[in-house]
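Working notes, beginning with the structure itself.
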Amino acid sequence: MVLSRLVWLLFVVNLGLAIWTTRSGGWEIDGVVRADGLTAVMWVAVAFFSGIVHSFSRRYMAADERVDRFFGLVFALTLVVMVVTVADHVALFVLAWLSMGLIMADLIGHLRGWPEAHAAGRLARRYFLAGSGLLAAGLAVLALATGETAISEILASVDALSTETTTVAAGLVLGAAMIQSALVPFHGWLLSSMTAPTPASAMMHAGFVNAGGVLLSRLAPVFAGDAAIMLVIVVAGASSALIAQAWMLVKPSAKGRLGCSTVAQMGFMILQCGLGFFAAAVTHLIVHGFYKAYMFLSVGSRVEKVPPKTTKSGAGSTAIRLAVGVVAAIAAGVLFASLTGKSLTGPGTGVFLTAIVVLSALRGTRSVLDQTALSPLARAVGIPLALLPTIAVYAGIYNGISAMMAGLPMIHPHLEMTPIHWLVLGLFVLGHVALEAGWHRESGRLYVALLNSSQPDPATVPTRDK
């Protein structure tokens, strides 16, 4: 396919542009487009993910009668997402954002002869139109209040706006970001999109949904100056992360679990924005993109795989596994904090971010310990040796992206932990305990409630009676 080769050429060009942009400090066409560190990062990531999807689709979609149209839509989506990250004029930004949603809705409903796919595409289109409307309204409020049409000029004038103006604009933009990233209660379009071709799902989950985090990072000065607004973002992100993680436990299908996983990961990404760590959010969306692209493109092979059987062990063995997991997870948190400069004792929100890293490491470590047939000594030595380098690589990526984004017109707030922050963090800890204890399996009412609340739109569910 010509487009497959073209998108890989685009990746190489974007890689060169990213290096040049980083060294030169950016470039712009006054009032129309503006390239900076965030643009450089996203252009490379978007082109790479698109190249993977194009290459995979050459065989996967070969028998599709509308294969040329499919490739055209994926390539067009790639270009439009690049425009979103570079657009500086309000009208161009909104138009690109709207086009991005409409193209994705068309990809979701690509199989025209399948009524459920058509219904999923219509549902997604309604959500994306609503999100574009909220974004247009939010930017219009800022443009009218500042008298500017360039986003860079608007952000430079945010400090002079009244609290009421920024609150209204922030609320509208946050709504657009939540719809784009499928956060609760706007998750319906994502969980109903499983009829999309697998390559389209990979593009959606690896790149498209991440635009919510890019939006908040691009417009960070609108939010970061108000601690109350940032706290609302924390609650919105944490709620989605916690609820969607619970949904994952009861989903019977592989793609359904991956969909809930995306909602949870997007919630965590938005949570990081609310904590003031916008570079961490961008790092998260890129790392998540790699992971989710692989998971969706390889989901078919899961049908043939049989998970390893775990054997029952005594209390002593369980205690050893728990001890190894806790020690490795704490070591991972300390390493992350040390490499990224996050305080472990101060009042800042870095404590929150580090604690989430510890919980994530603990969950991953416990999963490996429970399912891998290793001797106690091999577990005690091997797990830290595998976990700590991974954390070091993640911290290195985070530091690199932070350096690239250092010159952005972005406020870097020094937020302190509040009682609400501690409450949300406590809920994360409680959620981990509930997962380990298997509470969702012990309570039939809870299981049914989680299963019902995570159902897609009925019109998008394939049935034999139609």
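The values are calculated or read from the model by the stated rules, or taken from the named source; none is laboratory data. All of these numbers come straight from a predicted model, not from anything done at the bench. Virtual Cβ from ideal backbone geometry, glycine too; neighbours counted across all protein chains shown. Ligands, DNA and RNA are excluded from the accessible area calculation, which covers all protein heavy atoms including side chains. Shrake-Rupley method; radii C 1.70, N 1.55, O 1.52, S 1.80 Å.
General observations
- Candidates Ala241, Ala254, Ala202: the one that is modelled with pLDDT under 90 and within 20 Å of Ser454 (Cβ to Cβ) is Ala254.
- Whichever residue in region 1-14 is within 27 Å of the chain's Cα centre (by Cα) and open to solvent by 80 Å² or more (accessible area, probe 1.4 Å) and, among such residues, is farthest from Leu408 (Cα to Cα): Leu9
- Checking Asp106, Asp68 one by one, the residue that is in a helix (DSSP H, G or I) and free of Cβ contacts under 8 Å to residues at least 12 places away in the same chain is Asp68 and no other.
- Residues within region 327-373 that are assigned to a helix (DSSP H, G or I), modelled with pLDDT under 75 and among the small types (Gly, Ala, Ser), tallied: 2
- Only one of Val67, Val33, Val2 that is in contact with a strand residue (DSSP E or B) (Cβ under 7 Å, 6 or more places away or on another chain) and either more than 30 Å from Val141 (Cα to Cα) or modelled with pLDDT of 85 or more (or both): Val33
- Any pair with Cβ under 7 angstrom, 6 or more apart, that starts in region 136-148 at a residue that is more than 12 Å from Val94 (Cβ to Cβ) and ends at one that is surrounded by fewer than 18 Cβ atoms within 10 Å (Cβ to Cβ) and among the hydrophobic types (A, V, I, L, M, F, W, C): Val141/Val168
- In region 114-147, of all residues being of a type in the set (D, E, K, R) and either touching a strand residue (DSSP E or B) at 6+ places or on another chain (Cβ under 8 Å) or modelled with pLDDT of 90 or more (or both), the one that is least open to solvent (accessible area, probe 1.4 Å) corresponds to Arg125.
- Considering residues of region 86-98 that are more than 20 Å from the chain's Cα centre (by Cα) and among the small types (Gly, Ala, Ser) only, the residue modelled with the highest pLDDT: Ala91
- Residue check for Pro376: modelled with pLDDT under 85 and either touching an Asp or Glu at 6+ places or on another chain (Cβ under 8 Å) or closer than 30 Å to Ser152 by Cβ (or both): no
- Sole exception among (1) surrounded by fewer than 20 Cβ atoms within 10 Å (Cβ to Cβ); (2) in contact with a helix residue (DSSP H, G or I) (Cβ under 9 Å, 6 or more places away or on another chain); (3) of a type in the set (A, V, I, L, M, F, W, C) for Ala227, by number: (2)
Let's see how each residue does on (1) of a type in the set (Gly, Ala, Ser); (2) assigned to a helix (DSSP H, G or I):
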| site | (1), (2) |
| --- | --- |
| Met194 | no, no |
| Ser201 | yes, yes |
| His205 | no, yes |
| Asn210 | no, yes |
| Gly213 | yes, yes |
| Ser217 | yes, yes |
| Pro221 | no, yes |
| Val234 | no, yes |
| Ala238 | yes, yes |
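- For region 180-203, a residue qualifies if it is closer than 20 Å to Thr85 by Cβ and surrounded by fewer than 24 Cβ atoms within 10 Å (Cβ to Cβ), but none of them does.
- Each residue in region 37-63 was checked for being modelled with pLDDT under 85, farther than 16 Å from Ile286 by Cβ and open to solvent by less than 30 Å² (accessible area, probe 1.4 Å), and 1 of them qualify.
- Any hit, region 231-239, residues being in contact with a helix residue (DSSP H, G or I) (Cβ under 9 Å, 6 or more places away or on another chain), among the hydrophobic types (A, V, I, L, M, F, W, C) and free of Cβ contacts under 8 Å to residues at least 12 places away in the same chain: no
- Scan of region 230-271 for residues that are open to solvent by 10 Å² or more (accessible area, probe 1.4 Å) and closer than 30 Å to Asp88 by Cβ, ordered by number: Leu231, Val232, Ala236, Gln265, Phe268
Here is a yes/no grid of residues against (1) of a type in the set (A, V, I, L, M); (2) modelled with pLDDT of 75 or more:
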residue: Leu387; (1), (2): yes, yes
residue: Ile401; (1), (2): yes, yes
residue: Gly407; (1), (2): no, no
residue: His414; (1), (2): no, no
residue: Ile420; (1), (2): yes, yes
residue: Leu423; (1), (2): yes, yes
residue: Arg445; (1), (2): no, yes
residue: Ala449; (1), (2): yes, yes
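- Scanning region 148-167 for residues that are of a type outside the set (A, V, I, L, M), assigned to a helix (DSSP H, G or I) and open to solvent by less than 80 Å² (accessible area, probe 1.4 Å) yields Ser152, Thr165, Thr166, Thr167.
- Condition check for Gly101: outside any loop (DSSP other than H, G, I, E, B), open to solvent by less than 40 Å² (accessible area, probe 1.4 Å) and within 30 Å of Ala62 (Cβ to Cβ): yes
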